[in-house]
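Peer 1: Structure in structure tokens, see below.
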Amino acid sequence: MRVLITGGAGFIGSHLTERLLNEGHSVIIIDNFHTGSRNNIRHLLHHDDLEIFRQDVTDPFRVEVDCIYNLACPASPIHYQRSPVKTVLTSVLGVIHCLDLAKLTKARVLQASTSEIYGDPQVHPQREEYWGNVNTIGPRSCYDEGKRVAETLMFDYHRENGVDIRVARIFNTYGPRMSPDDGRVVSNFILQALRGEPITIFGDGRQTRSFCYVDDLVEGLIRLMNKEGITGPMNFGNPDERTIKEIAELVIRLTGSASEIVYKPLPKDDPVRRKPDISLAKKNLGWQPKVKLEEGLPRVIEYFRPLAERHTAPRKMPN
Ligand code: NAD
Ligand code: UDP
């Protein structure tokens, strides 16, 4: 198969690219390297079946492919809030350009949607039928609403033009090749612990998230793409819900760090609880995550260990 991955030089995109190349597919990456990096895919550059185009998905593109994974979009609050208008444009124009291409070439499109669709959820755990609780005008809205419109466009192109679509709602994912400077909780805590710096918990640390190891997520995305007769939306994540305080304590234990925990203000609209209901993916794809947090975090710690000395202090959320 010829596969287009927008955002293929990013964290998740690079793992998906690697997996598809290893399975013998041809991969074309479109990426503007805004939050992605050549380092994420450097080890894959020898593949004859890999092509990389430095291009922005807000501009139209034409390539001959069988399927499209649309991953291009900054995913960390620090990055998507830095240029909020660009974030909306990336989600909306990016998916329109993928869908226009799919309409023309009959390619299948998978949209990387997000648990942020559910906003600060009032229903727990989150099932696909839940419509969410999203602030339209807050600092996270550029990401949340951009992704919501992208889902709308996927279904409108499907109904109006018969485009073959798959919508994956991805919950917090972690693994090697996360960007060390994107301010996400896993990368921040690990870097702080490795440097012996204070671990910064935002709020009281009782807010929860559920973390999925990247290999498990990639397996889910591929199964959804390859499944016939299904559109989603479908949740992908690990239902193992933890408080942020538990994550801090686990990282301290796994790194053997002497770091203390300090408490900082909670960013605006930070969701209180998040946990995917994955019954749909289990039933339809036979998918569920395999890698436990206690297994996955040490792999990320080893990835970050050499980087810990080179990079400056982890980034803080903008006020
Ligand atoms: P990432 O920031 O590492 O990767 C995004 C990639 O898209 C980067 O390579 C970046 O350079 C590229 N990109 C951004 N804007 C672009 C543009 N306008 N044109 C072309 N390329 C552009 O993020 P990630 O964690 O790998 O996330 C990948 C996708 O999965 C995103 O769509 C994100 O919203 C979604 N997602 C991720 C998570 C997570 O926990 N990581 C959770 C939910 C959803
Ligand atoms: N967080 C934290 N300290 C940090 C970075 C993040 O306590 O140094 C918190 C953040 O406020 C949120 C949770 O960890 O409650 C997850 O944050 P992240 O940005 O990783 O993901 P998201 O909020 O998008 O789920």
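Peer 1: Taking the condition under 21 Å from the mean Cα position of the chain (by Cα), more than 30 Å from V163 (Cα to Cα) and open to solvent by 50 Å² or more (accessible area, probe 1.4 Å), does R38 pass?
Peer 2: Here the answer is yes, as R38 does meet what is asked.
Peer 1: If G10 satisfies all but one of (1) within 16 Å of ligand 2 (Cβ to nearest atom); (2) open to solvent by less than 10 Å² (accessible area, probe 1.4 Å); (3) small (G, A, S), what's the number of the condition it fails?
Peer 2: Just one mismatch for G10, condition (2).
Peer 1: Same structure, new question: Can you tell me which of I12, I28, I5, I52 is aliphatic (A, V, I, L, M) and within 14 Å of P176 (Cβ to Cβ)?
Peer 2: I12
Peer 1: Let me ask another. I need a count of the residues in the range 203-220 that are within 12 Å of ligand 1 (Cβ to nearest atom) and closer than 18 Å to S187 by Cβ.
Peer 2: 7
Peer 1: Right, something else. Is it the case, given these coordinates, that N133 is within 17 Å of the chain's Cα centre (by Cα) and either open to solvent by 50 Å² or more (accessible area, probe 1.4 Å) or near ligand 1 (Cβ under 8 Å from one of its atoms) (or both)?
Peer 2: no
Peer 1: Right, here's the next one. Could you list, in sequence order, all residues of the range 13-33 that are surrounded by fewer than 18 Cβ atoms within 10 Å (Cβ to Cβ) and part of a loop (DSSP other than H, G, I, E, B)?
Peer 2: E23, G24, H25, F33
Peer 1: Tell me whether the range 221-234 contains one or more residues that are within 16 Å of ligand 1 (Cβ to nearest atom), open to solvent by 50 Å² or more (accessible area, probe 1.4 Å) and among the acidic types (D, E).
Peer 2: Scanning the range 221-234 turns up no residue that is within 16 Å of ligand 1 (Cβ to nearest atom), open to solvent by 50 Å² or more (accessible area, probe 1.4 Å) and among the acidic types (D, E).
Peer 1: Would you mention how many residues in the range 158-178 are touching a helix residue (DSSP H, G or I) at 6+ places or on another chain (Cβ under 8 Å) and within 23 Å of L285 (Cβ to Cβ)?
Peer 2: Count: 13.
Peer 1: Check every one of the strands (runs of 3 or more DSSP E) wholly within the range 199-255 and list those with 3 or more residues that are more than 14 Å from Q288 (Cβ to Cβ).
Peer 2: Fully inside the range 199-255 and qualifying: 199-202, 241-243.
Peer 1: If you go through the range 250-299, how many residues are farther than 16 Å from T200 by Cα, touching a Ser or Thr at 6+ places or on another chain (Cβ under 8 Å) and either surrounded by 19 or more Cβ atoms within 10 Å (Cβ to Cβ) or polar (S, T, N, Q) (or both)?
Peer 2: Of the residues in the range 250-299, 3 are farther than 16 Å from T200 by Cα, touching a Ser or Thr at 6+ places or on another chain (Cβ under 8 Å) and either surrounded by 19 or more Cβ atoms within 10 Å (Cβ to Cβ) or polar (S, T, N, Q) (or both).
Peer 1: Examine the range 68-91 for a residue that is surrounded by fewer than 16 Cβ atoms within 10 Å (Cβ to Cβ), within 14 Å of T6 (Cβ to Cβ) and not aliphatic (A, V, I, L, M), and state whether such a residue exists.
Peer 2: no
Here's the yes/no breakdown for (1) in contact (Cβ under 8 Å) with a residue 24 or more places away in the chain; (2) out of contact with any His (no Cβ under 8 Å at 6 or more places or on another chain); (3) away from ligand 2 (no atom under 16 Å from the Cβ):
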site	(1), (2), (3)
S83	no, yes, yes
I96	yes, yes, yes
L101	yes, yes, yes
S113	yes, yes, no
G119	yes, yes, no
G132	no, yes, no
H158	yes, yes, yes
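Peer 1: Could you tell me whether the range 286-301 includes any residue that is within 14 Å of Q192 (Cα to Cα), more than 15 Å from ligand 2 (Cβ to nearest atom), at pLDDT 95 or above and not charged (D, E, K, R)?
Peer 2: Scanning the range 286-301, I find at least one residue that is within 14 Å of Q192 (Cα to Cα), more than 15 Å from ligand 2 (Cβ to nearest atom), at pLDDT 95 or above and not charged (D, E, K, R), so the answer is yes.
Peer 1: Against the condition under 21 Å from R242 (Cα atoms), under 13 Å from the mean Cα position of the chain (by Cα) and open to solvent by 20 Å² or more (accessible area, probe 1.4 Å), how does D204 come out, does it pass?
Peer 2: no
Peer 1: Being over 20 Å from the mean Cα position of the chain (by Cα), at pLDDT 95 or above and not in a helix (DSSP H, G or I) is the requirement here; does V3 meet it?
Peer 2: Here the answer is no, as V3 does not meet what is asked.
Peer 1: Here is a follow-up. For the range 179-201, enumerate the residues that are open to solvent by less than 10 Å² (accessible area, probe 1.4 Å), within 14 Å of ligand 1 (Cβ to nearest atom) and of a type in the set (A, V, I, L, M, F, W, C).
Peer 2: V186
The values are calculated or read from the model by the stated rules, or taken from the named source; none is laboratory data. Just so you know, these numbers come straight off a predicted model, no measurement behind them. Neighbour counts run over all protein chains shown; Cβ positions are idealised from the backbone, glycine included. Please note that ligands, DNA and RNA were not included when accessible areas were found on the heavy atoms of the full protein model with its side chains. Shrake-Rupley method; radii C 1.70, N 1.55, O 1.52, S 1.80 Å.
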